[in-house]
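S.K.: Pasting in a structure now, in structure tokens, and then I'll have a few things to ask.
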Amino acid sequence: MEVKRYVAGLFQTNSYLVIKGDKCLLIDPMLRLEKLAALLEGKELLGVLYTHGHFDHIQKGDMIYQKYGVPLYLNKGDFDLVDPNKSFKTNAMSVARQIFTGHIASPLHDLWEGRHQIDPFEFEIVLTRGHTMGSVAIIMEDAIFCGDTLFKGSVGRCDLYGGDERLLKDSLRFYKELEKNYILYPGHDEITDLAFEKATNPYLK
Ligand SMILES: [Zn+2]
């Protein structure tokens, strides 16, 4: 399995291309379509996995669906974050929610907790709420795509809509209790690994 990282979008989101042979998956793709088309040349894209539903991760979803017709997977806990019928509707919503709201009008598949197989890829989804209600860890071989739950030296904010500090602490405990030294691919900033974070990240103490 090969993982390639591309930084794109207003908030410098990490987009990942995961490759096995001539098959690939995209995680939080925010690349422009022309760039994506060049990267995918000669490969078969099987689907798009989202670590969570914030706009700076999902905003290219409809464009990708229209061009490639592949399934888009997001944990259902974040479906309301991306629902165009719910977004921007009431002034009771916080400014923060509006800023971070993106839309996906294309059909979404629930990235449910448990083992998944999208041949030749096998992975496990663990719900890691706190940053949002549908934030997940995507565990694939030696890699964990951790979205905005855990960063190199830091953690994701939990003051936005759907955020919850107590749940984030539970999710960090999940990372603390993992024994294997996974490579961590976060939603922003540099790639790191779990042993390094356990030794240096104050939120994993
Ligand atoms: Zn986020």
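S.K.: Which one is farthest from F174 (Cα to Cα), of the residues in the stretch 65-116 that are at pLDDT below 95 and of a type in the set (D, E)?
M.R.: Once the filter is applied, the top-ranked residue is D83.
S.K.: In this structure, is G147 over 22 Å from S15 (Cβ atoms) and out of contact with any strand residue (DSSP E or B) (no Cβ under 6 Å at 6 or more places or on another chain)?
M.R.: So G147 fails the test.
S.K.: Take the conditions without any contact (Cβ under 8 Å) to a residue 60 or more places away in the chain, under 26 Å from Y65 (Cα atoms) and crowded, with 20+ Cβ neighbours inside 10 Å and apply them to L108. Does it pass?
M.R.: yes
S.K.: Which of (1) more than 11 Å from the ligand (Cβ to nearest atom); (2) surrounded by 24 or more Cβ atoms within 10 Å (Cβ to Cβ); (3) outside any strand (DSSP E or B) does I138 not meet, given it meets every other one?
M.R.: (3)
S.K.: Sticking with this structure for a sec: Tell me which residues, restricted to the stretch 152-202, are within 16 Å of the ligand (Cβ to nearest atom), surrounded by fewer than 21 Cβ atoms within 10 Å (Cβ to Cβ) and aromatic (F, W, Y).
M.R.: Hit for the stretch 152-202 is Y161, nothing else.
S.K.: With the requirement that a residue be surrounded by fewer than 17 Cβ atoms within 10 Å (Cβ to Cβ), assigned to a loop (DSSP other than H, G, I, E, B) and in contact with a strand residue (DSSP E or B) (Cβ under 8 Å, 6 or more places away or on another chain), what does the stretch 1-56 give you?
M.R.: Within the stretch 1-56, M1, F11, Q12, D22, R32, K43 qualify.
The values are calculated or read from the model by the stated rules, or taken from the named source; none is laboratory data. Being a predicted model, the structure only gives us computed values, none of them experimental. Don't worry about glycine lacking a Cβ; one is built from the backbone with ideal geometry, like all the others, and counts go over all protein chains shown.
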